[in-house]
Each structure stands twice: as C-alpha cells, then as structure tokens.
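Step one of this worksheet: look at the structure below.
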Amino acid sequence: MNKFLVCDAALVPGELPRGSSPLLGFARLLRRFGFAIAPEQATAFMQAVTLLGPRSMDDIRRAAVATFAPAPDRRVEFDALFESWFYGDVRVAIEGEEQGEDKTEIKDDSDTAEELAGPVQAETGGELTSKTEQLSIRAFANDGLRLATLEREIGSALPWRRSFRTVRTTTGRNPDIRRSMRKILSADGDIPSPYLRRRQRMPRRLLLLIDVSGSMKLHTEDYLKVAHAAVQGTGRAEVFSFGTRLTRLTSALRIRNRDQALAQAGALVDDWDGGTRIGRTLLAFLSVPRFSAFARGAVVVILSDALERGDPSEMETAFRRFSACTHRLSLATPLAGDPRFRPETEALCAILPTLDDLVDGSSVAGLTKFLLSLGRAAPPIETMPGRVL
C-alpha cells in the first residue's frame with residue numbers, strides 16, 4: 001500500500017489505488033463520528049484487507065475491528081457505521097435503541113460530525129399525524145413579525161436561582177471570612193466591621209422543544225420566530241426541533257438577522273411536515289447526557305399538539321422524566337386555543353399529571369405572553385383544562 005498524507009487532522013489520499021477509496025473513506029467516516037483514528041491505523045487497515053484477500057465482507061469487517069480497535073461501549077455504533085458505509089444502509093442507530101423504522105436520528109448543529117442522511121425530498125406538505133418518516137425542506141416567508149418586546153424582556157422574565165458563586169455586599173448576615181481575615185492581617189488585627197457576602201442570583205435556562213410534524217405545520221414558522229427572539233434575548237436559551245428526528249437549532253438561531261436565522265434553521269431540519277414520534281424523540285433527547293443537562297433545573301416548554309400516534313407509554317415516560325429534572329414543565333398546544341378543548345386522548349390524559357402548565361399555543365401573542373410570565377408562580381393545577389370537575 002502507498003502512503004497517504006495528513007493535513008489538518010484529516011486523512012487526505014496521496015497516490016492510492018482506485019479500489020482503496022472505500023477503505024480510506026470508512027476511516028474518514030469514523031473520524032467524523034468521533035473515533036480516534038490515527039493515520040497508521042488507516043494504513044494498517046488497508047494492508048490487512050490486502051493480506052486477507054479479501055474473500056468476503058466479513059474479512060473487511062474483521063480487518064476493521066482488528067486495526068481500528070473500537071471501544072466496547074462504542075462497538076454498536078462502529079458496526080452501524082460499517083453497515084451504512086459498505087452496505088448502503090444510511091440509518092445510524094443510537095446505542096441501546098432498536099434498529100428499524102422507529103429509530104430516532106439526532107442532529108446537533110454544534111458538532112463537526114456530518115450526519116448520514118438519505119436523499120431529501122422537497123415537499124409542499126405532509127401527513128397531518130403519522131409515525132411514518134417523511135423528509136422535506138422548507139423556505140420561510142418574511143412576514144416582518146415583530147417580537148421586540150419578548151427579546152427585550154425575556155432575560156428578566158425567567159425564574160431565578162441562587163448560584164454557588166458569591167459577591168460582596170454591605171447588608172446581610174453572612175460574613176466573608178476569607179476577605180475579612182486578609183483585611184485583619186493587613187490592618188494589624190483591627191477592622192471596623194467584617195466583610196459580608198451573598199450568593200449570586202442568575203436566570204434559569206429556557207429550553208424550547210418544537211414539534212415540526214405535519215399536524216403542526218401552520219404554527220412551526222411562528223414558533224421558530226418566537227424561539228429566535230428568546231435566543232436573542234437571553235444567552236441561556238436552547239432550542240430543539242422534533243418530529244421523526246431530533247435537531248438542535250440553537251446555533252442557527254443565534255444569528256442576529258431573523259430571516260437568515262430561520263433560513264439556516266430550515267436547512268438544518270430534515271423532517272419538516274412529516275410524521276411524529278413524540279415519545280421516542282423526547283426519550284432520545286434525554287438519552288444524550290449533554291442534551292439532558294440542558295433540561296436539568298430549567299424551564300422547559302414543549303410546543304406540540306401532543307397527538308402521539310405511537311405507544312403513549314413512551315410519551316408518558318418522557319414527560320415523567322422531564323418533570324423529575326426540570327424546574328417547570330409546560331406544554332403549549334394550539335388545540336388549547338379552542339375554549340371547548342379538553343385533554344381526552346390517552347396520551348394527553350397520561351401526561352397531564354406531570355405538567356405545570358397546559359397553555360394556548362395557537363398564536364404568537366398568547367405564547368409571548370406566557371413566556372414573559374414564567375417568572376411568576378404557575379397557576380393552580382386545578383385550573384388547567386380538563387382538571388375542573
């Protein structure tokens with residue numbers, strides 16, 4: 001085998017036989033997904049394949065395992081990447097999840113890894129509520145929606161929590177022993193009064209989870225505009241979309257220009273106006289430690305009609321886990337815009353005990369008003385729709 005060059009931590013082929021391109025491409029794929037692949041391992045992989053023949057794909061798989069040596073806890077991911085690269089199966093499974101059509105794909109806009117995805121089909125719409133994945137792209141209209149009030153006030157409207165960091169203060173009863181002792185030593189043991197300190201207060205994180213399935217297509221553009229205003233107004237906001245896949249949109253919505261931000265978000269999301277697997281995608285969110293940390297102690301607002309076509313037990317489990325780790329869990333559903341609305345579906349009845357708020361998500365005005373009221377205590381649970389006997 002000929003040598004290949006290394007440039008900016010990426011594997012770049014030199015003069016290699018044409019048949020070696022798939023092998024080198026697999027090494028690159030592993031690097032993009034976070035596997036530590038040294039150039040020497042890629043060379044050894046191609047040499048091992050040459051020595052084995054190879055007589056079958058099993059020989060190539062054994063050569064890959066022997067030379068790349070994936071960690072035991074990432075072997076499932078390694079096998080999934082091998083299948084996707086050499087067999088054309090573009091679905092990469094999350095460890096611990098079931099292979100098949102119910103698998104949830106996750107896209108993180110802050111990662112450098114490129115997601116393997118099938119051909120994206122441009123569609124003007126989709127099924128209203130379905131488990132079947134349907135991919136599409138979307139262009140946002142520039143309707144000049146003004147959300148200046150939300151952007152200006154959301155930072156101070158969020159609930160506050162006490163930080164472990166302290167600051168000096170002139171009032172209170174908590175002495176700052178360290179600063180006081182330093183002053184005593186510098187003043188030869190005499191100071192008029194000890195220094196005081198208090199714990200800092202900081203706003204809680206805001207986490208918005210936006211349903212982009214077909215049944216929500218009349219509202220998702222407005223929800224993205226509200227999310228953009230929230231991200232611009234506070235540095236402690238995180239935004240994700242979910243349908244049949246889970247996509248992080250925070251980095252796109254940090255772009256100051258709203259039209260550019262929505263265009264970038266529209267390019268990131270692959271499952272616009274398709275099916276919905278609410279329980280499964282929310283459980284996928286909670287299964288990623290870095291994502292679940294966003295929800296811990298945060299104010300979580302889920303923007304969805306909560307019409308789950310799959311197993312309602314998964315949705316109930318996801319909401320129960322959210323409720324256990326968040327400061328406040330709210331569901332904003334456009335269905336609540338109808339005064340006759342009552343949560344009568346099996347899934348809604350199951351998640352109702354886990355919610356702090358069930359509010360109207362049918363208009364930007366109502367949603368903005370609710371977000372700016374998050375700093376106040378949640379209304380009594382008995383006043384929620386469907387709780388009044």
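The values are calculated or read from the model by the stated rules, or taken from the named source; none is laboratory data. Predicted model, so just to flag it, every value in this text is computed and none were measured. So basically every Cβ, Gly included, is an ideal-geometry build from the backbone, and we count neighbours across all protein chains shown.
Do you know which residues across region 342-369 are under 29 Å from LEU147 (Cα atoms) and surrounded by fewer than 17 Cβ atoms within 10 Å (Cβ to Cβ)? SER363, ALA365, GLY366, LYS369, listed by residue number. Within region 302-322, restricting attention to residues that are outside any helix (DSSP H, G or I) and not aliphatic (A, V, I, L, M), which residue is nearest to LEU374 (Cα to Cα)? Taking the candidates together, the pick is SER304. Is it the case, given these coordinates, that PHE319 is in contact with a Phe, Trp or Tyr (Cβ under 9 Å, 6 or more places away or on another chain) and aromatic (Phe, Trp, Tyr)? Judged against the criteria, PHE319 is not a match.
If the condition is being assigned to a loop (DSSP other than H, G, I, E, B) and modelled with pLDDT of 90 or more, then region 269-286 contributes only VAL269.
Please verify whether ALA332 is among the aliphatic types (A, V, I, L, M), out of contact with any Asp or Glu (no Cβ under 6 Å at 6 or more places or on another chain) and either part of a loop (DSSP other than H, G, I, E, B) or not assigned by TED's automatic domain parsing to the domain that holds LYS225 (or both), treating the condition exactly as stated. It is false that ALA332 is among the aliphatic types (A, V, I, L, M), out of contact with any Asp or Glu (no Cβ under 6 Å at 6 or more places or on another chain) and either part of a loop (DSSP other than H, G, I, E, B) or not assigned by TED's automatic domain parsing to the domain that holds LYS225 (or both).
Residues that are surrounded by 16 or more Cβ atoms within 10 Å (Cβ to Cβ) and modelled with pLDDT of 90 or more number at least 2 in the following helices (runs of 4 or more DSSP H) confined to region 150-268: 220-233, 250-253, 258-268.
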